[in-house]
Amino acid sequence: MHGHPAEGPCDCDVGSKTSVDSSKLKTHVRVCNGERSFACIFCSKQFTSSSDLKIHTRSHTGERTCECDVCKRKFLHSGDLTVHMRMHTKEGLFECDVCKYKFSQPSSLRKHMRTHTGEQTYTCTICHRIYSHSGSLRKHMHTHTGERPYTCTICQRILSHSEVHMCAHAGERPFECNVCKRKFALWCNLETHMRTHTGERPYTCTICQRLFSHSSSLKAHMRTHTGERPYECNVCKRKFTTSGSLKAHMRTHTGERPYECNVCKRKFTTSGSLTTHMHTHTGERPYKCDVCKRNFSTRGILTKHMHTHTG
């Protein structure tokens with residue numbers, strides 16, 4: 001602990017900073033002494049300055065005061081806006097040596113590199129699910145605690161995650177796949193989508209050794225072994241292994257087909273059906289046989305083909 005004069009410059013070894021401004025000196029002294037006098041009324045996290053607390057509070061209130069002049073996306077901090085602008089100007093971007101995808105900041109590139117190296121360092125202590133980003137783990141923990149720390153400033157809905165919901169209001173999909181040009185609201189969604197092109201399937205069933213590209217797909221698959229079908233249709237009482245399957249099934253009752261092909265205008269009940277249909281226009285065959293390297297337009301066709309190898 002270092003002592004400081006009440007007035008004048010600070011020559012502290014910890015801060016290595018000299019200041020004659022009294023307000024800055026007071027803040028600097030608090031930093032050096034580890035003093036955190038400003039507490040968040042939402043989560044009780046403490047800060048050394050009122051300005052840091054004010055910025056942090058926006059993460060709870062959803063207030064976004066910094067707006068992009070190009071796409072009108074809003075940010076909590078001016079620094080985030082500065083970084084975001086690189087995606088418009090294409091200046092100062094950081095490129096992945098493996099897949100050539102570009103990022104607006106080096107930390108994003110470092111996180112992305114884990115998708116190539118397989119490094120996963122953050123594990124949930126409750127369900128043991130593994131994440132490559134600490135932020136993803138923090139958000140995941142809300143599913144266990146039930147915590148909903150974010151309030152939407154538009155519809156006042158209380159949320160456990162703010163990013164996806166806010167993008168729904170803005171219609172934003174800033175992350176584009178550099179292979180098929182499909183756009184996503186979140187980087188993690190794009191990261192997962194890329195596995196349809198790379199063929200990466202990092203999740204293995206411990207019973208039958210089948211591989212999956214998504215942890216949620218593995219979780220749903222495990223129910224084929226346990227027989228669990230927790231989602232029931234309130235019209236016909238049919239039961240399903242996933243909430244998505246139930247939601248898609250409900251459209252057979254309502255007749256809803258919300259997914260439209262922008263080429264031929266044909267409509268579909270699920271986004272997956274539309275994605276598969278689009279291959280008939282693009283000629284894309286993203287599913288590759290690991291044995292003979294032949295490519296297929298749908299996972300179902302690939303699965304049938306695999307029987308020719310396994311008998």
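Each value in this text was obtained by applying a stated rule to the coordinates, not by laboratory testing. For clarity, every value in this text was computed on a predicted model and none was experimentally measured. When we count neighbours, we look across all protein chains shown, and the Cβ atoms used for this are built from the backbone with ideal geometry, even at glycine.
Each of I41 and V235 was given a label point 7 Å from its Cα along the Cα-to-Cβ line. The distance between the two points is 4.7 nm. Extension gain for C292-Y259 works out to 8.5 nm (0.36 nm per residue, less the C-alpha to C-alpha distance). Placing a label point 7 Å from the Cα of T303 along the Cα-to-Cβ direction, the residues of segment 255-290 whose backbone N falls under 19 Å from that point are 269-279, 285-290. Per-residue extension of 0.36 nm, minus the Cα-Cα distance of C68 and T310, leaves a gain of 81.7 nm for this segment. Compactness of segment 203-310 is given as radius of gyration and Dmax, 16.3, 45 Å, from Cα positions. A DSSP coil position with no more than 16 other Cβ atoms inside 10 Å describes the following GluC sites (Glu not before Pro) in segment 190-235: E200, E228. Placing R0 at 51 angstrom, the Cβ-Cβ distance between M222 and R86 gives a FRET efficiency of 0.75 after rounding to 0.05.
Using R0 = 41 Å, the C-beta based FRET efficiency linking D97 and M250 works out to 0.35.
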